[in-house]
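This report refers to the structure that appears directly beneath it.
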Amino acid sequence: MILASAFLPLALLQVGPNPNAPDTLGTPDELLNRPPPPGSLAAEIADPKTAWLADCLQLVETDPARAHSQAQIKAADTFGEERVIAHHCLGLAATQLGLWGDAENAFLTAHDGTPADEVRARARFSAMAGNAAQANGDAARALELLTVARGEAAEAASADLEAIAALDAARALVALERPAQALEALDAATRLTPQASEGWLLKATLLRRLDRLAEAQEAIEEAARLAPLEVAIGLEAGVIAVLGGREKAARASWQSVIDTQPDSLAAQTARGYLEQLAPGAAPREDGG
């Protein structure tokens, strides 16, 4: 892992949405950060069953161990939709606790208990289970589940959810050292949701890792057009620029990260990159 305090030769730099991560294609952080889609079981809070879910989700943020215990009790004592809701919260609590196997099982149980005609909700649970498997280090299992999620999302005609599953599948494919298929998944994601900057950023990162710098430049320019203040994009743009011999552009990209979020880890990373470009500066290895 490349930390903000580490300095590596520029040709080895890997950056992404999380400045502490080695690249944008690492383990995703979607399980809690992507809200339930409208119309799913998890999105409605008009009755006591889903009001319980709202309370449990709030508890996940403040006391995940307690939420985990309460969800286990609820899951054991209920049936049907209530049991699906309990396992949804159980999976999220397990995620917060880093219990990835428990999270995968909970999301799969929620998936299997969701009515067949609620395909969008089933797709979401498949995707969440896939992310849990990926976080648990089982990229092959993750890909299997995310492939199911992509099919279910397509059946539900949900371009957004299908794109999310494709992005996550790309991460699994990279972990499995199948970059050509990962790029196909990213191409699909950017076709489905061309307005989402994340897909273009991931695509730029992978193309850069494949030494396809001209295409990487096109992708990062599109990401920057869509999200000009996103520091992860500024970091990646600088790496692509410096590998292409455009030092002035690299400096400008990294300086923009510092100007946008001066106290962030991303800014620390950018300062380290700029230090390596200083006249006479010798790149230092981690810990140097």
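The values are calculated or read from the model by the stated rules, or taken from the named source; none is laboratory data. Just so we're clear, the structure is a prediction, and the values are computed from it rather than from any experiment. Glycine also receives a Cβ, built like all others from the backbone with ideal geometry; neighbour counts cover every protein chain displayed.
Across the range 188-212, the number of residues qualifying as out of contact with any Pro (no Cβ under 8 Å at 6 or more places or on another chain), assigned to a helix (DSSP H, G or I) and within 20 Å of Ala232 (Cα to Cα) comes to 11. Going by the conditions given, is Leu97 over 30 Å from Pro194 (Cα atoms) and surrounded by fewer than 17 Cβ atoms within 10 Å (Cβ to Cβ)? Yes: the conditions hold for Leu97. The single condition from (1) surrounded by 15 or more Cβ atoms within 10 Å (Cβ to Cβ); (2) of a type outside the set (A, V, I, L, M, F, W, C); (3) modelled with pLDDT of 95 or more that Asp259 fails is (1). Each residue in the range 203-235 was checked for being farther than 24 Å from Ala172 by Cα, of a type in the set (Gly, Ala, Ser) and over 19 Å from the mean Cα position of the chain (by Cα), and 1 pass.
Residue-wise test of (1) surrounded by fewer than 17 Cβ atoms within 10 Å (Cβ to Cβ); (2) polar (S, T, N, Q); (3) in a helix (DSSP H, G or I).
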position	(1), (2), (3)
Arg66	yes, no, yes
Gln72	no, yes, yes
Ala76	yes, no, yes
Glu81	yes, no, yes
Ala86	no, no, yes
Ala93	no, no, yes
Phe107	no, no, yes
Ala116	yes, no, no
Arg122	no, no, yes
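Quick check, is Glu177 surrounded by fewer than 17 Cβ atoms within 10 Å (Cβ to Cβ) and either outside any helix (DSSP H, G or I) or not aliphatic (A, V, I, L, M) (or both)? For Glu177, the condition - surrounded by fewer than 17 Cβ atoms within 10 Å (Cβ to Cβ) and either outside any helix (DSSP H, G or I) or not aliphatic (A, V, I, L, M) (or both) - is met. For the range 75-94, the condition of being of a type in the set (Phe, Trp, Tyr) and touching a Gly at 6+ places or on another chain (Cβ under 7 Å) holds for none of the residues.
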